[in-house]
Amino acid sequence: MVLDRYALLEELGSGGFGAVWLAHDQRLERPVAVKRIPIRGGARAERAEREALAAARLSHPAVVSLYEAGRDEDAVYLVSELVRGATLGELLADGALSDRDVLLIGMALCDALAHAHSRGVIHRDVKPGNVLIPETPADGVVAKLTDFGIARIAGDDALTATGDVVGTLAYMAPEQAEGRGASAASDLYALALVLYEALAGINPVRQSNAAATARRMGTRLPPLRRLRRDLPRGLAAAIDAAVLPDPALRGSLDGLRLALAEALGDVGDEPGVVAPPAWAAVPTRTLGRPARASPIPAPARAPFAVEENEAVAHPPAPARVAIPARIAAGLLAGGLVLAALTLVAQRPPLDPPAIAGLAAALVALLPRLGWLAAAAALTAWLGAQGGDGWWAVGLAALPLPLLVPRAPAWWSAPGGAVALGYLGVPAAWPAVAGQARGLWTRAVLGAAGYWWIALVQAVLGKRLITAPAADLKHLLTRADLAVAGVWALAAGLLPLLVRGRNAVLDLLGACVWAAGLALGTQAVTRAAGAGDPHGLVGGAALAALLAVLAMALRRP
């Protein structure tokens, strides 16, 4: 029992300044976190006083709340709310966060720092280890900033002496490292560097040792889009500006938060490994699933010392490799060519398997050019035969490499929608398309799946979901484009409703999503006079099941 009311139950973690305990507040009957800082000199007591004074000024959902501070003969105690979860650093090391998660966390930290700055508090040690991610976010709060032990408090000269170099070297703004004092711009720099690392897979400042890291500080960092070309330009530009050496050029927390919010719909929502390209590799922690069973703990810090960089003993995880994607794209393209020659062509040229193999090799070697060349050649040949199927091949195959150029393995995937149509559950396709990375890619694939079904129906005269069009020219005057829009919306929004955080909420979200998919498809087809779609209820139910299972398998 400490401070006559808190029973220490379990040590949650420890460092150079003391240990954090899970404790029970006997008076208010609630769990709390108690940081116990042994008194072994003035520096420890000064740090505890600094943290208490800084935290006492703050009251914000994205800041860990301080309940009480006290001391006895042996230690100083800081009692705060208990946040059950993990640090941002641990989740990044486990590959448990998506790009969208990172942006939401960044927005919460922008709010927390803006509140602290408005109260005259500069954190001075923003880093992944000082960001807690609750297991169950309350009131929409996805992250909480903690550890104000080295915060600078406006007007308190005793605790903010000029020349005091404190913080974590790999995240410290250049002016802070040089002893010129930390400001709101210094916290902005550190936060932007945390986001840079989370999105790019490396901290470009951290090197193999403290001396090399110090030499790296104050230099312009590589543009974020050089490592992640798929990120929105506005987002990358805001983060690049916030890590400029000159504090006056970094912008503001409001500007960074706005850029994060505007990019939410343009980034992926799938967790996993983010690793830099080989040319950018430096001795740093690779973000993603570690080779070991548990993350390597960070070294303990000495009081008010510059923290050494956190080295990792295992090799970095490989970046997303392009070769498997090329092979997959080639094999799927070859299968589509074979299917088209078998189903559409009355007199297949030469040997269909040989033609399909040639198309597969071409797409694997030169994905976009190979796909366009194979589709154009097949379209031209079918047109020369006088059949109507050449329209279908051209309208189905040619747009995809142009609309989603970075996802070659998905270009052939809408063929799966046709297969689901033959199985009687075509409406399950948006759940498959909803697994792609990026809102735009998901939407394009969702629409393409229905479009391919409509094209196959028109060419073969077979009903897969609605009554087939009399010919391909009538497709543009029917409800097919509107239904494709409904499926695009469903596929794009799926990860927003099924997030993998809670099984019950995922199941509820999937049911709501599937109901919207079914009702939207039915409403559009009825409005166009096409009647009730075939296999809609079963397909929507299967879609809901697939959505929940896919997210459950993806989450660590």
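What follows draws every value from the coordinates through simple rules; no lab data is involved. Model, not experiment: these values are computed from the prediction. Because the Cβ atoms are built from the backbone with ideal geometry, glycine has one as well, and the counts that use them run over all protein chains shown.
Considering only the other residues whose Cβ falls under 12 Å of the Cβ of Met1, what net charge follows from Lys and Arg at +1 and Asp and Glu at -1?
Its environment carries a net charge of -1.
If amide H atoms are built 1.01 Å from N in the plane of the peptide, which residues on other chains or at least 5 residues away come under 5 Å of the amide H of Trp21?
Leu12, Val34, Lys35, Arg36
Given a cut-off of under 8 Å on Cα pairs at least six residues apart, what relative contact order in percent is computed for region 1-74?
Relative contact order, region 1-74: 21 percent.
If I model a spin label at Ala138 and Leu508 as a point 7 Å from the Cα along the Cα→Cβ vector, what separation in nanometres do I get?
It works out to 1.8 nm between the two label points.
Spin-label point model (7 Å from Cα, Cβ direction): what's the Arg463 to Glu10 distance in nm?
Inter-label distance under the simple model: 6.0 nm.
Per residue of region 113-130, what does 6.51 cos²θ - 1.76 cosθ + 1.60 with θ = phi - 60° give for ³J(HN,Hα)? Whole Hz please, x for Gly and Pro, Karplus curve as stated.
Those phi angles translate into 5, 4, 5, 4, 5, 5, 9, x, 10, 10, 5, 6, 8, 6, 7, x, x, 9 Hz.
Quick one: which of 190-199, 259-268, 27-36, 534-543 comes out on top by average Cβ neighbours within 10 Å, and what's the full order, highest first?
Top of the packing list down: 190-199, 534-543, 259-268, 27-36.
Just to check, using Stokes-Einstein with a Kirkwood Rh over alpha carbon pairs, what's the diffusion coefficient of region 40-147 at 4 °C and 1.567 mPa s in µm²/s? Don't jump to the answer; show the numbers that get you there.
Values: Rh = 14.8 Å.
Value of D from the Cα-based Kirkwood radius: 88 µm²/s.
Separation between the Asp351 and Ala261 pseudo-spin-labels, each 7 Å from Cα along Cα→Cβ, expressed in nm?
6.2
In whole Hz and in residue order, list the ³J(HN,Hα) couplings for region 195-204 that follow from phi through the Karplus curve 6.51 cos²θ - 1.76 cosθ + 1.60, θ = phi - 60°; x for Gly and Pro.
5, 4, 5, 5, 8, 9, x, 9, 9, x
Counting only residues 5 or more places away or on other chains, whose amide H sits under 5 Å from the amide H of Val76 once H atoms are built in the peptide plane?
Long-range HN contacts for Val76: Ile37, Ile39.
Give me the number: length gained by fully extending Leu249 to Ala214, i.e. 0.36 nm times residue separation minus the C-alpha to C-alpha distance, one decimal in nm.
Numbers: separation 35, 0.36 × 35 = 12.60 nm, distance 2.14 nm.
Between Leu249 and Ala214, full extension yields 10.5 nm more.
For region 540-551, take each phi angle, set θ = phi - 60°, evaluate the Karplus expression 6.51 cos²θ - 1.76 cosθ + 1.60, and give the result in whole Hz per residue in order, putting x for glycine and proline.
5, 5, 5, 4, 4, 5, 4, 4, 5, 5, 4, 5
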